[in-house]
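The values are calculated or read from the model by the stated rules, or taken from the named source; none is laboratory data. This is a predicted model, so every value here is computed, not measured. Here the Cβ positions follow ideal geometry from the backbone for every residue, glycine too, while neighbour counts run over all protein chains shown.
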Amino acid sequence: MGPARIRINPSILAADFVNMQAELDRISSADFVHVDVMDNHFVPNLTFGPQMVERIQATSPAPLDVHLMIDDPGRWAPGYAELGAASVTFHLEAATEPVDLARRLRDIGARAGIAVKPATPVESLFDVLGEFDQILVMTVEPGFGGQSFMPETMPKLRRLADEARRRGSEVWLQVDGGIGESTIAQAAEAGADTFVAGSAVFGAGDPDAAIEALRTAAARAHVH
Ligand code: DX5
Ligand code: ZN
């Protein structure tokens, strides 16, 4: 096996919303731009919806990795795939028909992602791994940037990575929340290959340099 493919997806939740074009220009080495959609119901915070994401899609050089922290994803998620997002991730806790929704997203042409909050077990996903292109293990409670990484989520990530390997699955394993230079290695070591980082990237003097430092630290620790 060649070197691990590591993806670093900066979260624009930590960017300056009224200077988005300039902010996107500061992360030219990003693999995807992570876009946090919050509805003030599924999480106690509110960001933006499809109209804003459509403008970001039109101006971003990197593909979009949309993270929907919303109720009723069956109603809203396909719209994000239709506006051109490369990847659309909805929460297992909010979905009534997750496999059906993933199939609809793939039919439109997006990668289908499913996310789990820190306390949500992942075992129910084992038999349907092939239905998803990405599984997001939240490493903080969703809703806000700048929180501390929760190491207690790592055994769950490890079980998921073991299961994916056992089944020969190519699903990407993503982590989101509190990822920075001091935490990324443990997530990579547990099996993550796709890393969201908000404050660690946009809070740095040189966001592109921060992305490269994260990439190096993850590649060094990634074992699978
Ligand atoms: C939190 C969001 C994250 C957030 C991460 O609910 O899903 O994507 O932007 O921010 P940091 O990296 O600062 O923890
Ligand atoms: Zn996110």
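Residue-wise test of (1) within 16 Å of ligand 2 (Cβ to nearest atom); (2) of a type in the set (Ser, Thr, Tyr); (3) at positive phi.
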site	(1), (2), (3)
PHE126	no, no, no
LEU129	no, no, no
LEU136	yes, no, no
GLY145	yes, no, no
PRO151	no, no, no
ARG158	no, no, no
ALA164	no, no, no
GLY168	no, no, yes
#### Entry: In the range 78-115, the residues that are closer than 22 Å to PHE17 by Cα, within 16 Å of ligand 1 (Cβ to nearest atom) and in a helix (DSSP H, G or I)
TYR80
#### Entry: Matching residues, the range 158-186, being away from ligand 1 (no atom under 16 Å from the Cβ) and of a type in the set (A, V, I, L, M)
LEU160, ALA161, ALA164, VAL171
### Query
Does at least one position in the range 8-21 carry a residue that is part of a helix (DSSP H, G or I), among the β-branched types (Val, Ile, Thr) and surrounded by 22 or more Cβ atoms within 10 Å (Cβ to Cβ)?
yes
### Task
Report yes if GLY84 is farther than 29 Å from ALA185 by Cβ, surrounded by 15 or more Cβ atoms within 10 Å (Cβ to Cβ) and either without any contact (Cβ under 8 Å) to a residue 24 or more places away in the chain or more than 18 Å from the chain's Cα centre (by Cα) (or both), otherwise no.
no
### Task
Taking VAL66 as the residue in question, decide whether it is in a helix (DSSP H, G or I), crowded, with 18+ Cβ neighbours inside 10 Å and among the β-branched types (Val, Ile, Thr).
no
### Task
Among the candidates ALA164, ALA221, ALA185, single out the residue that is surrounded by fewer than 24 Cβ atoms within 10 Å (Cβ to Cβ) and in contact with a strand residue (DSSP E or B) (Cβ under 8 Å, 6 or more places away or on another chain).
ALA164
### Message
Given the criterion assigned to a loop (DSSP other than H, G, I, E, B), within 15 Å of ligand 1 (Cβ to nearest atom), surrounded by fewer than 21 Cβ atoms within 10 Å (Cβ to Cβ) and at pLDDT 95 or above, identify the matching residue among PHE42, PHE48.
### Response
PHE48
### Query
Which one of GLU97, GLU54 is among the acidic types (Asp, Glu) and surrounded by fewer than 15 Cβ atoms within 10 Å (Cβ to Cβ)?
GLU97
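From GLY191, GLY177, GLY146, which residue is touching a helix residue (DSSP H, G or I) at 6+ places or on another chain (Cβ under 8 Å), under 19 Å from VAL35 (Cβ atoms) and at pLDDT 95 or above?
Working: GLY191 fails: under 19 Å from VAL35 (Cβ atoms); GLY177 fails: touching a helix residue (DSSP H, G or I) at 6+ places or on another chain (Cβ under 8 Å).
Selected residue: GLY146, the only one of GLY191, GLY177, GLY146 that is touching a helix residue (DSSP H, G or I) at 6+ places or on another chain (Cβ under 8 Å), under 19 Å from VAL35 (Cβ atoms) and at pLDDT 95 or above.
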